[in-house]
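Asker: Below is one structure. I have some questions about it.
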Amino acid sequence: GIRLPEGAHELRVVMAWTAPEMTRALPNFPNPFNPETWIPFTLTTASEATVRIYDVSGTVVRMLDLGRRAAGHYVSRADAAHWDGRNAAGEVVGSGVYFYEFVAGEARPTVRRMVIRK
């Protein structure tokens with residue numbers, strides 16, 4: 001067989017990876033959900049990332065500090081932001097409509113709607 005030069009596999013993997021076109025939150029899954037959901041996102045550059053969850057009155061229910069993340073696609077359950085359906089005090093929130101705002105770096109925030117159905 002053909003013997004690849006040292007490091008050829010790593011080069012092929014890097015070349016196959018494509019950078020996201022924009023920094024944004026994608027639709028959460030599942031939606032509606034009970035009791036937890038995942039919020040996938042993409043980053044065009046390394047950034048501090050945060051998700052704020054609001055109730056319909058606009059009150060912040062919970063803030064998820066995702067820390068500094070490298071540029072990339074965070075779309076699997078292992079990588080996406082996770083919300084356990086609890087507020088900042090650790091209490092389970094009620095059924096209804098909530099909104100999440102994804103903020104990262106200089107990108108414009110993304111706001112999306114989600115529903116908890118119990």
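Asker: Please list, ordered by first then second residue, the pairs with beta carbon atoms under 8 Å, 6 or more apart or interchain, first in region 81-92 and among the β-branched types (V, I, T), second modelled with pLDDT of 95 or more.
Answerer: As it stands, the answer is V92/G85; V92/R86, since those pairs meet every condition given.
Asker: Looking at region 57-78, which of the residues that are in a loop (DSSP other than H, G, I, E, B) and not polar (S, T, N, Q) is nearest to the chain's Cα centre (by Cα)?
Answerer: So the residue we want is V75.
Asker: Follow-up question, since we're still on this one. Taking region 30-59, which residues are free of Cβ contacts under 8 Å to residues at least 12 places away in the same chain and under 17 Å from H82 (Cα atoms)?
Answerer: The answer is P30, and nothing else.
Asker: OK, next. Could you list, in sequence order, the residues of region 67-94 that are surrounded by 12 or more Cβ atoms within 10 Å (Cβ to Cβ) and either small (G, A, S) or farther than 15 Å from T37 by Cβ (or both)?
Answerer: Once the filter is applied, which keeps residues that are surrounded by 12 or more Cβ atoms within 10 Å (Cβ to Cβ) and either small (G, A, S) or farther than 15 Å from T37 by Cβ (or both), region 67-94 yields R69, A71, G72, H73, A80, A81, G85.
Asker: Taking Y100, is it in a strand (DSSP E or B), over 19 Å from E21 (Cα atoms) and in contact with a Leu (Cβ under 9 Å, 6 or more places away or on another chain)?
Answerer: yes
The values are calculated or read from the model by the stated rules, or taken from the named source; none is laboratory data. For clarity, every value in this text was computed on a predicted model and none was experimentally measured. Here the Cβ is made from the backbone with ideal geometry for all residues, glycine too, and neighbour counts use every protein chain on show.
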